[in-house]
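The values are calculated or read from the model by the stated rules, or taken from the named source; none is laboratory data. Quick caveat, the model's predicted, so the values are computed rather than measured. No Cβ is skipped: glycine too gets one built from the backbone with ideal geometry, and neighbour counts run over all protein chains shown. Just the protein is used for accessible areas: all its heavy atoms, side chains included, with ligands, DNA and RNA removed. Shrake-Rupley method; radii C 1.70, N 1.55, O 1.52, S 1.80 Å.
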Amino acid sequence: MMVFFTVVMAGYLLLLLLLAYGWNRMPTPSAVAKGTKGMHRMISVVVPFRNEANQLHHLIRSLTELEYPADRFEAIFVNDHSEDNSLEVVRSLVHDKPNFFLVGLEDGHRGKKAAIAFGVERANGEVIATTDADCSVPGQWLQAINASFDEEGTRMVWGGVRLQGHTFFSALQAMEFSSLIGAGAATLSLGFFTMCNGANMAFRKQSFEAVNGYKGNVQVPSGDDEFLARKILGAFPQSARFLKTRKAVVISRPAPNLKAFVHQRLRWAGKWRYNPSWPARALAVHILLAQVAFIGLLFMAGFAD
C-alpha cells in the first residue's frame, strides 16, 4: 500500500513541477494599451444570461467603465428565456447606451451555446469576447484582448478568472478554481490543451464561423468553452494563447452553498464523456489519485501507534 502512495505522490510532485515550468515559460505581455500595431479592433462582447437579475448590474457597470473606445466595442446581451426579471433589469440599464444591445433567443432555441451563437451571428466585431452574467471585468480587459490578436496566427485567447467571496467556503473554492485556471494555462504552454473558461474568452468571429461554432455538441449542456477551443485548435493548431496578465483577470462569484457547488461540478462532469483528449483525462485521473492517496495517508496516520 505504501508503494502505491509513494508512486502516486511522487508522480503528483513531478506533475506540479511540470505545470510550474509550463506557467513560467509563458511570456507576460509588456503592454496592453492598444496592441503593438496601435489599433483598436472592433470587439463584440457577447453575454448569455438566464435568471441573473441579481447579478447583471455588476457586469453592466464594469462594462461601462472599460478603458476602450465606446465606438470600437459593443455589448450584446442574449436572454435565454429568463423566468425572473432579468430582461427588465438589463433593459433599464442599457437603454441609454448606444453600443449596448439586448436580444432574445427565439422559441425552439435554448441553452448557453445557442445564446452565444445567436449573439455571434449578430455581432459586428472582428473579435468576439465572452463572459458570464455573474462576472465583472477589469478596466483594461478589452485592451489586453485587443493586443493579444496582433499576431495573425492567434485565433483564440482566454484569461484568468478569480472567485471573490467573503466566507471560508468561498476561499476554498477560490483556491481550487485558481489551480484549475493555472493548470489549463500551463498545459497549453506545454503544447497540449486541457481546459479553459468561457467567463474570460475571446476568438475571431471568422474562426468561429470556420469551425461551424458549436455544431456537433449543442446537445451537451456544458462545455461551450472547451468544445469550441478544441474545434478551433483542431482546425488551426497552435493558435490559442493564454492572457497572462492581471489586467485581464475577470471576477466571478463562487457557489453560495455546498448544494450549488455539487450541482455545478456535476454539470461540468457531464461533458467529460465527450472529451477526446487523453492528456486532459490523464491529468484529471492523476489529480484524483493524488487526492485519494493523501486522504488515505491521513486515515492511516490516524490509526498509527
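Find all pairs meeting these conditions: Cβ atoms under 6 angstrom apart; at least six residues apart or on different chains; first residue within the range 125-153 and part of a loop (DSSP other than H, G, I, E, B); second residue buried (at least 20 other Cβ atoms within 10 Å of the Cβ) and of a type in the set (Phe, Trp, Tyr).
133/49
Take residue 120 and tell me if it is surrounded by 13 or more Cβ atoms within 10 Å (Cβ to Cβ), among the hydrophobic types (A, V, I, L, M, F, W, C) and in contact with an Asp or Glu (Cβ under 9 Å, 6 or more places away or on another chain).
Numbers: surrounded by 13 or more Cβ atoms within 10 Å (Cβ to Cβ): yes; among the hydrophobic types (A, V, I, L, M, F, W, C): yes; in contact with an Asp or Glu (Cβ under 9 Å, 6 or more places away or on another chain): yes.
Criteria met by residue 120.
Using the structure shown, decide if residue 109 is part of a loop (DSSP other than H, G, I, E, B) and either over 26 Å from residue 235 (Cβ atoms) or hydroxyl-bearing (Ser, Thr, Tyr) (or both). Before you say what the answer is, go through the steps one by one.
Values: part of a loop (DSSP other than H, G, I, E, B): yes; either over 26 Å from residue 235 (Cβ atoms) or hydroxyl-bearing (Ser, Thr, Tyr) (or both): no.
No.
Among the residues of the range 92-114, write down those that are aromatic (Phe, Trp, Tyr) and either open to solvent by less than 50 Å² (accessible area, probe 1.4 Å) or in contact with a helix residue (DSSP H, G or I) (Cβ under 7 Å, 6 or more places away or on another chain) (or both). Please lay out each step first, then the result.
Within the range 92-114, the first condition is being aromatic (Phe, Trp, Tyr), and the residues that meet it are 100-101.
Once the filter is applied, which keeps residues that are aromatic (Phe, Trp, Tyr) and either open to solvent by less than 50 Å² (accessible area, probe 1.4 Å) or in contact with a helix residue (DSSP H, G or I) (Cβ under 7 Å, 6 or more places away or on another chain) (or both), the range 92-114 yields only 100.
So residue 164 passes all but one of these: (1) more than 15 Å from residue 113 (Cα to Cα); (2) open to solvent by less than 20 Å² (accessible area, probe 1.4 Å). Which condition number does it fail?
It fails just one condition, (2).
Can you confirm whether residue 89 is surrounded by fewer than 22 Cβ atoms within 10 Å (Cβ to Cβ), over 21 Å from residue 214 (Cβ atoms) and in contact (Cβ under 8 Å) with a residue 24 or more places away in the chain? Steps first, answer last, please.
Details: surrounded by fewer than 22 Cβ atoms within 10 Å (Cβ to Cβ): yes; over 21 Å from residue 214 (Cβ atoms): yes; in contact (Cβ under 8 Å) with a residue 24 or more places away in the chain: yes.
When the stated conditions are applied, residue 89 passes them.
Please tell me if residue 133 is open to solvent by less than 10 Å² (accessible area, probe 1.4 Å), under 18 Å from residue 39 (Cβ atoms) and in contact with a strand residue (DSSP E or B) (Cβ under 9 Å, 6 or more places away or on another chain). Even if it seems obvious, please write down each step before you answer.
Working: open to solvent by less than 10 Å² (accessible area, probe 1.4 Å): yes; under 18 Å from residue 39 (Cβ atoms): no; in contact with a strand residue (DSSP E or B) (Cβ under 9 Å, 6 or more places away or on another chain): yes.
Criteria not met by residue 133.
Being closer than 16 Å to residue 145 by Cβ and part of a loop (DSSP other than H, G, I, E, B) is the filter here; which residues of the range 223-245 pass it?
239, 244, 245
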